[in-house]
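Below is one structure, written out as structure tokens; comments come after it.
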Amino acid sequence: MAAFAIGVSDLPFGFRIDAIYNNLSHTGTVSGGTTPSDLRVQAAIANAIFAFPGTSAKAYVIAGAGIYNSKADVPGAKSESDWGFNGGFGATFGFGPFAMFMESRYHSISRSESKGGVYQFVPITLGVMF
């Protein structure tokens, strides 16, 4: 994940733009046999953030929407771009000019049944902000 955050440290509200890449592993049944079929998901997401008061550690709530591109790793699969949304919570821990963060978000990608139905996943992210 790469993120660009806009906000003022004294205010509880902020804005963040995320670019994410996830590879979800799956073993399923295809044509009578078992075969691995990973799902690659990348997205550009705009999020609003509400941070609770704190000094060196701050909890926050995050929610937003964006465009998700997904492709199954099976022969003949095509990538599809669809709208989706996310929401979750996290915490930042200040270390001088840097901050560590840990968050978990629920992502839901809206797809029609003919394109594989709705995709949902919940990644846990640990990272550094500077």
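Is one or more of the residues making up segment 110-122 loosely packed, with under 13 Cβ neighbours inside 10 Å, within 11 Å of the chain's Cα centre (by Cα) and of a type in the set (Val, Ile, Thr)? For segment 110-122, residues loosely packed, with under 13 Cβ neighbours inside 10 Å, within 11 Å of the chain's Cα centre (by Cα) and of a type in the set (Val, Ile, Thr): present.
Could we say that THR35 is in a strand (DSSP E or B), surrounded by fewer than 17 Cβ atoms within 10 Å (Cβ to Cβ) and modelled with pLDDT under 90 here?
Working: in a strand (DSSP E or B): yes; surrounded by fewer than 17 Cβ atoms within 10 Å (Cβ to Cβ): yes; modelled with pLDDT under 90: yes.
Here the answer is yes, as THR35 does meet what is asked.
Could you figure out which of (1) loosely packed, with under 12 Cβ neighbours inside 10 Å; (2) part of a loop (DSSP other than H, G, I, E, B); (3) touching a residue at least 24 places away in the same chain (Cβ under 8 Å) isn't true of LYS78? The failed condition is (3).
Here ALA43 does not fit the description of being within 17 Å of GLY7 (Cβ to Cβ), surrounded by 12 or more Cβ atoms within 10 Å (Cβ to Cβ) and either of a type outside the set (Lys, Arg) or modelled with pLDDT under 90 (or both).
Pairs under 8 Å by beta carbon, first residue loosely packed, with under 15 Cβ neighbours inside 10 Å and outside any strand (DSSP E or B) in segment 52-64, partner at pLDDT below 90 and among the small types (Gly, Ala, Ser), six or more apart or different chains? Sorted first by the residue in segment 52-64, then by its partner, the pairs are THR55/GLY94; SER56/GLY94. Criterion first (modelled with pLDDT of 90 or more, assigned to a strand (DSSP E or B) and surrounded by 16 or more Cβ atoms within 10 Å (Cβ to Cβ)) does ILE67 satisfy it? For ILE67, the condition - modelled with pLDDT of 90 or more, assigned to a strand (DSSP E or B) and surrounded by 16 or more Cβ atoms within 10 Å (Cβ to Cβ) - is not met. With respect to LYS115, is the statement that it is under 18 Å from ILE6 (Cα atoms) and among the basic types (Lys, Arg) true? So LYS115 fails the test.
Can you find, within segment 91-109, the residue that is farthest from the chain's Cα centre (by Cα) among those that are exposed (fewer than 13 other Cβ atoms within 10 Å of the Cβ) and assigned to a strand (DSSP E or B)?
PHE95
The values are calculated or read from the model by the stated rules, or taken from the named source; none is laboratory data. Bear in mind the structure is a predicted one, so any value in this text is a computation, not a measurement. Note that each Cβ is placed from the backbone with ideal geometry, even for glycine, and that neighbours are counted across all protein chains shown.
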